[in-house]
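In what follows, a single structure is set out as structure tokens and then discussed.
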Amino acid sequence: MDLQAIFTTRFKQARKAKKLTQEQLGIAIGLDEFVASTRINRYEKGIHLPDLQTLARIAEILDVPPAFFFAEDVLAENILIFKMNNNEKKASMNTNPLQNKFSDLK
């Protein structure tokens, strides 16, 4: 699979996993509501590719690392597992008040 095909596949997978329409995603990343759906559709079809700043906003809204969009199947799964584990680790650190209180002492 070529890089552009991987990108378009991952992009659509991530958007659908978040249950966002093309328009909703476009507006969430700061596009004008009149062009949001068309622009996202063009990204998903590979007609256009987002610039790096836009890609970073898309990744943030879809809660995936930017690398996910360019990873083949096994690597994409590992990226998501790593992100999930990292989020769980951060959450557990935030729930321990003693650790939070004394983290400044390190």
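Number of residues in the range 32-42 that are assigned to a helix (DSSP H, G or I) and either open to solvent by 80 Å² or more (accessible area, probe 1.4 Å) or among the charged types (D, E, K, R) (or both) equals 2.
Only one of the listed residues (LYS19, LYS12) is open to solvent by 20 Å² or more (accessible area, probe 1.4 Å) and without any contact (Cβ under 8 Å) to a residue 12 or more places away in the chain. That residue is LYS19. Among the residues of this structure, LYS45 counts as one that is surrounded by fewer than 17 Cβ atoms within 10 Å (Cβ to Cβ) and more than 16 Å from the chain's Cα centre (by Cα).
Looking across the range 22-31 at every residue that is open to solvent by less than 70 Å² (accessible area, probe 1.4 Å) and among the hydrophobic types (A, V, I, L, M, F, W, C), the one that is farthest from ALA71 (Cα to Cα) is identified as LEU31.
Taken over the range 56-73, the criterion of being in a helix (DSSP H, G or I), of a type in the set (A, V, I, L, M) and more than 20 Å from GLN24 (Cα to Cα) is satisfied by ALA67 alone.
The values are calculated or read from the model by the stated rules, or taken from the named source; none is laboratory data. Because the structure is a prediction, the values reported are computed rather than measured. We place every Cβ from the backbone using ideal geometry, glycine too, and count neighbours over all the protein chains shown. The area values use the complete protein model at the heavy-atom level, side chains included, leaving out ligands, DNA and RNA. Shrake-Rupley method; radii C 1.70, N 1.55, O 1.52, S 1.80 Å.
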